[in-house]
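The values are calculated or read from the model by the stated rules, or taken from the named source; none is laboratory data. These numbers come from a predicted model, not from an experiment. We place every Cβ from the backbone using ideal geometry, glycine too, and count neighbours over all the protein chains shown. Protein only, heavy atoms only, side chains kept; ligands, DNA and RNA dropped before computing areas. Shrake-Rupley method; radii C 1.70, N 1.55, O 1.52, S 1.80 Å.
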Amino acid sequence: MKPSAKFWDGAAQKYARQPVRDEGAYAQTLDRIRSYLKSDDKVLEVGCGTGSTALTLAPQVEHLHATDLSQRMIDIAQGKARAQEAGNVTFSTMAVGPGVDAGGPFDVVMGLNLLHLVEDLQGALAAMAAQTAEGGLLITKTVCLGEKPGIWRLVLPVMQFIGKAPFVHFLKIADLDRAIEQAGFEIIETGNYPASPPSHFVVARKR
Ligand SMILES: C[S@@+](CC[C@H](N)C(=O)[O-])C[C@H]1O[C@@H](n2cnc3c(N)ncnc32)[C@H](O)[C@@H]1O
């Protein structure tokens, strides 16, 4: 098993119990995503965690398939889907990366609170691009700690050494936007929800 999968498997139960950290920023993010979704859309979410956002957005689209590298996250997500009798959501265990096929093309591909945690950023974006239909949308939200690293530059390596934190990129907003464009997308909307440290929201159309 990949070390990152082991970390996220271990974190899954706690992650499922945690309340949303910033309700206002989450509501704003959902509002912006909803404004792009259509009732006949086929949507993919990668790095879906315990499936809360997938289950929240699914009623607005035709079908939503959500994936995560952690089997434990997916087990919890599937349990929630059964409890809610969600008819148009499916979940599967899958790490985002080159050559991965989630059954695309999809009208919308989302990765929320994910890209700063992926070691191969270009590989992940290329895989997401490959799963996006021509003219389809990529919607991402990414913590850009490179803009305001503060104490994290010191604390994170220690936490990682003792297995209490995953891999984290210290991304800058401009570098992330450029990587998204280099993966074959044209950015049509950005925002930061919350603003500090910036959780950078991007909507981009596949060229
Ligand atoms: C911070 S959580 C975010 C979960 C959810 N998207 C949300 O916004 O609540 C990051 C998730 O990404 C998953 N993840 C990390 N690296 C991944 C990878 N390479 N491929 C797919 N999922 C990954 C983790 O297992 C975890 O569930």
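The length gained on full extension between Arg32 and Met159, counted as 0.36 nm times the residue separation minus their Cα-Cα distance, comes to 42.4 nm. With the simple model of a label 7 Å out from the Cα in the direction of the Cβ, Ser196 to Ser52 spans 2.5 nm.
The helix-only estimate of mean residue ellipticity at 222 nm for the chain, built from DSSP H runs of length n ≥ 4 each weighted as -39500 (n - 2.57), is -11500 deg cm²/dmol after division by the residue total.
When peptides 16-24, 170-178 are ranked by their average number of other Cβ atoms within 10 Å per residue, the highest-first order is 170-178, 16-24. Expressed per residue, the C-alpha convex hull volume of segment 79-138 stands at 104 Å³. Note on the chain: percent of Cα-Cα distances in each 10 Å bin, starting at 0 and stopping at the bin with the largest distance, equals 9, 36, 41, 14, 1. Computed over protein heavy atoms with a 1.4 Å probe, the carbon and sulfur contribution to the accessible area of segment 4-206 reaches 53%. In the full protein context, segment 4-206 carries 48 Å² of accessible surface per residue, based on a 1.4 Å probe and ignoring ligands, DNA and RNA. What percent antiparallel are the DSSP beta bridges of the chain, to the nearest 5? The antiparallel proportion sits near 40 percent. Using the Cβ-Cβ distance between Ile188 and Lys148 with R0 set to 41 Å, the FRET efficiency works out to roughly 0.95.
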